[in-house]
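These notes are about the structure you will find just below.
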Amino acid sequence: MNKTIYFRADGDHGKNSGFGHLNRILKIYKFLRKILSKKYKFIFLIKKNLSAIKFLKKNYEDKIVIFSKENLKKLSPKSSDIFIIDTLGAEKNLIDKINKCKVLKKISFDEIDTTRFNSGIIINGIFFLKKRLLQKKNLKIFQGLDYTVLDEEFSKKKNIYSKNEKNILVTSGGADFKNFLYKIVKLLLNQNYKLNVLIGPGVKKNNMINKISHKNVYKKRNVINIFRCLQNANVCICTGGTVMFESISLGKIPIVFENYSHQKYAIEFFSKKKAIINGGKFKNISKKKMLKLIRGHSLLRQKKIFVRNSNLVDGKGIYRVKKIILNYINEK
């Protein structure tokens, strides 16, 4: 075994990257490891002091290398190695190293700067909403909602609604740096809603959500796949990350808040398509506004619209992306 697939991604408690990009890269990693473990070894490149390192050490056996200037200088990839990058745009120093070592194959997710790439693959299932890329010689670009990577269950989706109209799922994704969970739950306490709160692997122990104890609040920790949680809910209150796409795919009523500036493009797009309810910027939310968002969109009156618009995200992007990457790796 003399070839390596490097996975460059980060995951923290939500300050910079959250867990969305790491989760996407892990879907690709698990697929490739299952079929290519005899031909390749696998290495994760992660910045130091991030929650991702602890999470990977606990759940996976492959090597982790701290991504730093010093370690990047020591890194000596071969031309036959492969880099798969998911960091909202590949770092210039990493691409310079890859090009210097004449690595032939590289893949980048949600990439908007093609000037650094003389060849390779770019897959923009989300960031095409911010900027559509022009095709470039020797660079294959796949962009659009068809390449949105969700868990495989979402390809076999069924639009199921709970009989309890007040069944609400509250989630901030894998992390919660801005205390989204706590603030939303506090606004909805004592309103006779059943609040199912997902607490992801990047949520710190001292997060305020852990201090809430209420008969209508049901906490679910470290859920690997939220498919069933979403199916059992009618309304999903979330930020503009992966859960938004998952909620749309299942025809739920997503009330979506912009937690980070890069989320606004997707939120605005889906709001115009009437696939979500745009809650605006999270920092501006108030109890009055929160209750108005929920009560102003009665399930009985609105659910058909969201079920109809669920076809915007068909859930099959994972299969398309796997096929693209595997074909690219196997190219001679």
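The values are calculated or read from the model by the stated rules, or taken from the named source; none is laboratory data. Since we're looking at a predicted model, the values are computed, not measured. In this analysis, Cβ positions are derived from the backbone assuming ideal geometry, glycine residues included, and neighbour counts consider all displayed protein chains. Heads up: the accessible areas ignore ligands, DNA and RNA and are worked out on the full protein's heavy atoms, side chains in. Shrake-Rupley method; radii C 1.70, N 1.55, O 1.52, S 1.80 Å.
Quick look at the numbers
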| read-out | value |
| --- | --- |
| Heavy-atom surface of the chain, accessible at 1.4 Å and reported per residue (Å²) | 50 Å² |
| DSSP H segments from the chain that extend 27 Å or more along their own axis, Cα-based, with Kyte-Doolittle mean of -0.5 or above | none |
| For segment 1-74, with +1 on Lys and Arg beta carbons and -1 on Asp and Glu, the positive-most of ILE25, SER37, PHE7 along the dipole | SER37 |
| Entries of LYS105/LYS281; LYS204/LYS274; LYS219/LYS281 with Cα pairs more than 27 Å apart | LYS105/LYS281; LYS204/LYS274 |
| Quarter of Cα convex hull surface for segment 103-152, i.e. mean projection, nm² | 3.8 nm² |
| Net charge dipole size for the chain [Lys, Arg +1 and Asp, Glu -1 on Cβ; Debye, nearest 20] | 360 debye |
| For segment 1-78: relative contact order, % (alpha-carbon pairs under 8 angstrom, 6 or more apart) | 34 percent |
| Inter-label distance for LYS73 and ASN210, nm, one decimal - labels placed 7 Å from Cα along Cα-to-Cβ | 3.9 nm |
| Translational diffusion of segment 1-100, µm² s⁻¹ [Kirkwood Rh, Cα pairs; Stokes-Einstein; 10 °C; 1.306 mPa s] | 114 µm²/s |
| Longest segment of the chain lacking GluC sites (Glu not before Pro) that sit in a DSSP loop with at most 12 other Cβ atoms within 10 Å | 62-330 |
| Set of aspartates and glutamates with alpha-carbon distance to LYS332 below 14 Å, sequence-local pairs under 8 removed | ASP81 |
| Per residue Cα convex hull volume in Å³ - calculated over segment 195-280 | 104 Å³ |
| Loop trypsin sites (Lys or Arg not before Pro), segment 248-282, which have at most 13 other Cβ atoms in a 10 Å radius of their Cβ (DSSP) | LYS273, LYS274 |
| Largest-first principal axis extents of the Cα set of the chain (Å) | 60, 39, 34 |
| Heavy-atom accessible surface of the chain: percent carbon and sulfur, 1.4 Å | 49 percent |
| Violating pairs (Cα-Cα greater than 22 angstrom) within the set LYS186/LYS211; LYS47/LYS136; LYS69/LYS323; LYS272/LYS304; LYS27/LYS92; LYS57/LYS283 | LYS47/LYS136; LYS69/LYS323; LYS27/LYS92; LYS57/LYS283 |
| The chain - mean residue ellipticity at 222 nm from DSSP helices (-39,500 (n - 2.57) per run, n ≥ 4, rounded to 500) | -9000 deg cm²/dmol |
| Over segment 55-138: Kirkwood hydrodynamic radius from C-alpha pairwise inverse distances, Å | 14.1 Å |
| Translational diffusion coefficient (Stokes-Einstein; Kirkwood radius from C-alpha pairs) of segment 181-332 at 4 °C, 1.567 mPa s, in µm²/s | 77 µm²/s |
| Computed magnitude of the charge dipole of segment 175-288 (debye, nearest 20; Cβ of K, R +1, Cβ of D, E -1) | 380 debye |
